[in-house]
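All remarks here apply to the structure that follows.
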Amino acid sequence: MSRLEAVFLGTGGSMPTTGRNHPSIVIKYQGWNLMFDAGEDVQRQFERAKLGTNKRMAIYITHRHPDHLLGLGGLLLRFSLLGRTKPLSVYGPSELIEYVRMAQDSINLGTTFDTTVYAVEPGTVSEIENVRVTAFEVDHRGHALGYKVVYQKPTGPFLPERAIELDIPKGSIWRKLAAGESVVLDNGRAVNPEDVTGPQPPPLSVVYSGDTRPCDALLEASKEADLLICEAMYTSDNADLAEERGHMTAKAAAEIARDCKVKLLALTHYSPRYGDGTAIIDEARKVFPDVMLARDLMRITLSSDGTHSIEMPDAQTT
Ligand SMILES: [Zn+2]
Ligand SMILES: [Zn+2]
């Protein structure tokens, strides 16, 4: 079975408030941390969530607005102070390269590990150990991206008893087959992964809207997603503000989830004017029942058997 976990480090929109930090989400799988956006003070949320300083990691930034980006320098600094050695790739709109270079030059932000910033175009951004991340252009103010994460294991579980039955020698050959590679044995016999593995689990997909008005690219990406993490800056009484400022209402986010048949919708990045977000979630629930309000340090685990579980943070850790 495949499993991935979405950890919400920050769920605030525009201004951080008590208990709601600037946007950042980490997708955890197979020992990897894939971070999406790095809002202000993400370094402390990262620590609170115990995500590990020297894990394999990549960072994806949606756009160059400060609430999505200001925490990047602090996070890199913290990693350096704590002696991170593993390289780190940062992906985002082309303007991000200049921003990181400027931060490195002007405040002497060196890192103890290789940091490479890549300019992202719509399409495939990275393929890392069974996870493909794609970007799509959204409709915000200026150049802005959303991201889709698809986790697909190449095979089902390895079945050692089948391998023994088929006289396949243990060791590297077993590992190759378990990783989805075909092999040819010394006696010339070819073995395919499906001969010694269970059924391939279905893919798991998570879509993150970033900041956007409702748009076709988000609709396209969200089709039948297991989890859609969508901004919901306003309620419908402020639909004019949403349109003007390039954001979404809770109703519009719920309509996308309904039309795309997503399994679970998590609303994030709502305006501080809505306090605890009751008005946001109430509006969305009228359109789409499988919706929840994201909270800082909340975790959602998705499993390829179609189930999910949600872990809420302790009150004192937020
Ligand atoms: Zn923005
Ligand atoms: Zn924003």
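The values are calculated or read from the model by the stated rules, or taken from the named source; none is laboratory data. Note that the structure is a prediction, hence the values are computed from the model and not measured. All Cβ positions, glycine included, derive from the backbone under ideal geometry; neighbour counts span all protein chains shown.
Considered as a group, the residues in the stretch 20-39 that are outside any strand (DSSP E or B) and in contact with an Asp or Glu (Cβ under 6 Å, 6 or more places away or on another chain) include one that is farthest from ligand 1 (Cβ to nearest atom), and that residue is GLN30. Residue count for the stretch 60-88, restricted to those that are more than 20 Å from ASN21 (Cβ to Cβ) and in contact with a His (Cβ under 7 Å, 6 or more places away or on another chain): 0. One residue is enough: does the stretch 12-23 have a residue meeting the conditions of a type in the set (A, V, I, L, M) and in contact with a strand residue (DSSP E or B) (Cβ under 9 Å, 6 or more places away or on another chain)? The answer is no; no qualifying residue exists.
Filtering the stretch 59-88 to residues that are touching a strand residue (DSSP E or B) at 6+ places or on another chain (Cβ under 7 Å), among the aliphatic types (A, V, I, L, M) and away from ligand 2 (no atom under 16 Å from the Cβ) leaves ILE59, LEU76, LEU88. Checked against the criterion of being surrounded by fewer than 17 Cβ atoms within 10 Å (Cβ to Cβ) and among the small types (Gly, Ala, Ser), the candidates ALA239, ALA253 yield just one match: ALA239.
Restricted to helices (runs of 4 or more DSSP H) entirely inside the stretch 50-166, those with at least 3 residues that are surrounded by 13 or more Cβ atoms within 10 Å (Cβ to Cβ) and within 16 Å of ligand 1 (Cβ to nearest atom) are 95-106. For ARG245, the criteria (1) at pLDDT 95 or above; (2) touching a strand residue (DSSP E or B) at 6+ places or on another chain (Cβ under 8 Å); (3) within 16 Å of ligand 2 (Cβ to nearest atom) hold in every case but one, which is (2).
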